[in-house]
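Beneath this line is the structure, given in structure tokens, with notes to follow.
The values are calculated or read from the model by the stated rules, or taken from the named source; none is laboratory data. Bear in mind the structure is a predicted one, so any value in this text is a computation, not a measurement. No Cβ is skipped: glycine too gets one built from the backbone with ideal geometry, and neighbour counts run over all protein chains shown. Just so you know, the surface numbers come from the protein's heavy atoms only, side chains and all, with ligands and any DNA or RNA stripped out. Shrake-Rupley method; radii C 1.70, N 1.55, O 1.52, S 1.80 Å.
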Amino acid sequence: MFREPTAADGQRMWEIARDSGVLDLNSSYAYVLWGAEFAGSSVVVESEGRVVGFVTGFLRPSEPDSIFVWQVGVDADQRGKGLAARMLHALLDRLAERGVVRLRTTISPDNEASQRTFGAVARDRGMTLSSEDYLSADLLGEGHEPEDLYTIA
Ligand SMILES: CC(C)(COP(=O)(O)OP(=O)(O)OC[C@H]1O[C@@H](n2cnc3c(N)ncnc32)[C@H](O)[C@@H]1OP(=O)(O)O)[C@@H](O)C(=O)NCCC(=O)NCCS
């Protein structure tokens, strides 16, 4: 089941991010706040009553017809079943009704799973995926990889 998150989902979203070992782990407050304040631009997926994946996003203030996807995470034992792609499709379908025509996100050059996931979503919607330099490693600090800006339009 795909649905908007609530504040009560914040703790599970935090756990999924923590357990991914890949995503930048933010405070539990950040995930709870996202469920409370940015539900309309976010998605969770449940399996047997438990949240097993999430997408957090916001409508870009400088570009309100774009959804900016902040993080995507799926529990390791639920991967490879199309859940991430289906969450992103659910989000794009929901937001199309609000005039959103493009998706933007950042991906580091070494995250092939993420590049493939967004590539598959673009392909299956008949849209294009493009990338450009965005946040350099020196901006992000502490040995962080750069984050390139990817656009599905
Ligand atoms: C990236 C992640 C969200 C993908 O979740 P998922 O539910 O397994 O992805 P899906 O099953 O929806 O796959 C979507 C597409 O990406 C491809 N893909 C996903 N993970 C892949 C991997 N590790 N290697 C190669 N291809 C991969 C799938 O084959 C599919 O493409 P297809 O339609 O051509 O077959 C998951 O691996 C994860 O949580 N990783 C850790 C967190 C992370 O890196 N998040 C980054 C943001 S996406």
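Of note:
- When a 1.4 Å probe is rolled over the protein heavy atoms, the share of accessible surface on segment 2-152 that falls to carbon and sulfur comes to 48 percent.
- Gain on full stretching of the segment that runs from S27 to S62 - 0.36 nm per residue minus C-alpha separation: 10.1 nm
- A 1.4 Å probe, protein heavy atoms only, puts the accessible area of D24 near 80 Å².
- Our analysis of the chain gives Rg over Rh at 0.93, with the two radii drawn from alpha carbon positions and Rh computed by the Kirkwood formula.
- Spacing of the modelled spin labels on R50 and Y134, each 7 Å from Cα toward Cβ, amounts to 3.1 nm.
- Entry comment: accessible area of the chain is 52 Å² per residue, from protein heavy atoms only and a probe of 1.4 Å.
- Net length available on complete extension from A90 to R18 is 23.5 nm, with 0.36 nm assigned per residue and the Cα-Cα distance removed.
- Residue-level accessible surface for T128, protein heavy atoms, 1.4 Å, Å²: 90
- Helix-only CD estimate at 222 nm, as mean residue ellipticity for the chain, using -39500 (n - 2.57) per DSSP H run (n ≥ 4): -10500 deg cm²/dmol
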